[in-house]
Amino acid sequence: PIYPLSVRLPTIQPIPGANVQWIGQQMAMNGLPTSIQAFSVGRSLSWVMQYYRDIWKAKGFGSIIEGKNGEYTTLGYKKDENYFSVQAKEYEGGVEGTLVVSSVPGGFESNKESKFPIMNGSQVVSKLEAMDNGVRSETLTITNTQSADGNARFYRSNLKRNGWIATGFNEPNGFERLLSFQKDKQAAQITIKSNILALPGKTMILINWIK
């Protein structure tokens, strides 16, 4: 099998004159190769969307999908084994957004499995892998029904048993815990939040694991 982070994806052509920055050129979202560029440009939202409609239609890309993702307007199309999308919103002075290319399920299987310890009964919402200057990282978003304290106890005891050293602990309020750990060249930052309005009865755990 091909390792997702080794895949070189095609790119979306930025608008001439736009300020563009790579968020990640070698990434995988839930096991699917992904690349993301952030951009900003002094144009209107309708101008930006029309620019990509015109350029994609001129290249013969047929079925262009338009929609909304929260406050962002989206434009996308599928070509071969990849999905290309522009997500943009207006701000004072112009438009900002992202240019995203990702493999579609088929060539790669969606995969949220991780070797990082996860409490029983937890659900992995997303797994984002990245390679930056030869350093691999993995970001996990997890939910469960345990308390913030219960989750903090699990990670402190489990990681200690597995040779990790606790390097930081912070308790900003009754519903949030911030933990950090080190093991050789590896590092892990864990943010635990409960009492979230959008997730009643659940706790969210965000793990950033530098490998």
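The values are calculated or read from the model by the stated rules, or taken from the named source; none is laboratory data. All of these numbers come straight from a predicted model, not from anything done at the bench. Glycine gets a Cβ as well: all are built from the backbone with ideal geometry, and neighbour counts include every protein chain shown. Heavy atoms of the whole protein, side chains included, go into the accessibility calculation; ligands, DNA and RNA do not. Shrake-Rupley method; radii C 1.70, N 1.55, O 1.52, S 1.80 Å.
Annotation note: of 20, 41, 48, 7, the sole residue that is closer than 30 Å to residue 124 by Cα and in contact (Cβ under 8 Å) with a residue 12 or more places away in the chain is 7.
Does the stretch 103-156 hold any residues that are within 27 Å of residue 10 (Cα to Cα) and among the acidic types (Asp, Glu), and which are they? Within the stretch 103-156, 109, 113, 129, 132, 138 meet the criteria. Restricting the first member to the stretch 160-176 and to residues that are over 15 Å from residue 205 (Cβ atoms) and touching a residue at least 40 places away in the same chain (Cβ under 8 Å), and the second to residues that are of a type outside the set (Phe, Trp, Tyr) and surrounded by 10 or more Cβ atoms within 10 Å (Cβ to Cβ), the beta-carbon pairs closer than 9 Å and six or more apart or on different chains are 162/117; 162/183. Checking each residue of the stretch 19-27 against the condition of being small (Gly, Ala, Ser), closer than 17 Å to residue 87 by Cβ and modelled with pLDDT under 95 gives at least one match. Answer yes or no: is there a residue in the stretch 114-123 that is in contact with a Ser or Thr (Cβ under 6 Å, 6 or more places away or on another chain), open to solvent by less than 60 Å² (accessible area, probe 1.4 Å), part of a strand (DSSP E or B) and touching a residue at least 12 places away in the same chain (Cβ under 8 Å). No, that holds for no residue.
Residue check: is residue 110 touching a strand residue (DSSP E or B) at 6+ places or on another chain (Cβ under 8 Å), assigned to a loop (DSSP other than H, G, I, E, B) and within 25 Å of residue 140 (Cβ to Cβ)?
So residue 110 fits the description; yes.
Counting only residues that are small (Gly, Ala, Ser) and in contact with a Gly (Cβ under 9 Å, 6 or more places away or on another chain), which one in the stretch 90-102 is least open to solvent (accessible area, probe 1.4 Å)? Applying the filter and picking the extreme gives 94. In the set (1) of a type in the set (Ser, Thr, Tyr); (2) under 19 Å from residue 5 (Cβ atoms); (3) over 20 Å from the mean Cα position of the chain (by Cα), the condition left unmet by residue 139 is number (3).
If you go through the stretch 165-211 and keep only what is closer than 18 Å to residue 145 by Cβ and either part of a loop (DSSP other than H, G, I, E, B) or small (Gly, Ala, Ser) (or both), you end up with 174, 175, 194, 195, 196, 197, 198, 199, 200, 201, 202.
Against the numbered list (1) more than 15 Å from residue 11 (Cβ to Cβ); (2) open to solvent by less than 60 Å² (accessible area, probe 1.4 Å), residue 54 comes up short only at (2). Being farther than 13 Å from residue 208 by Cα and at pLDDT 95 or above holds for only one residue in 178, 140, 99, and it is 99.
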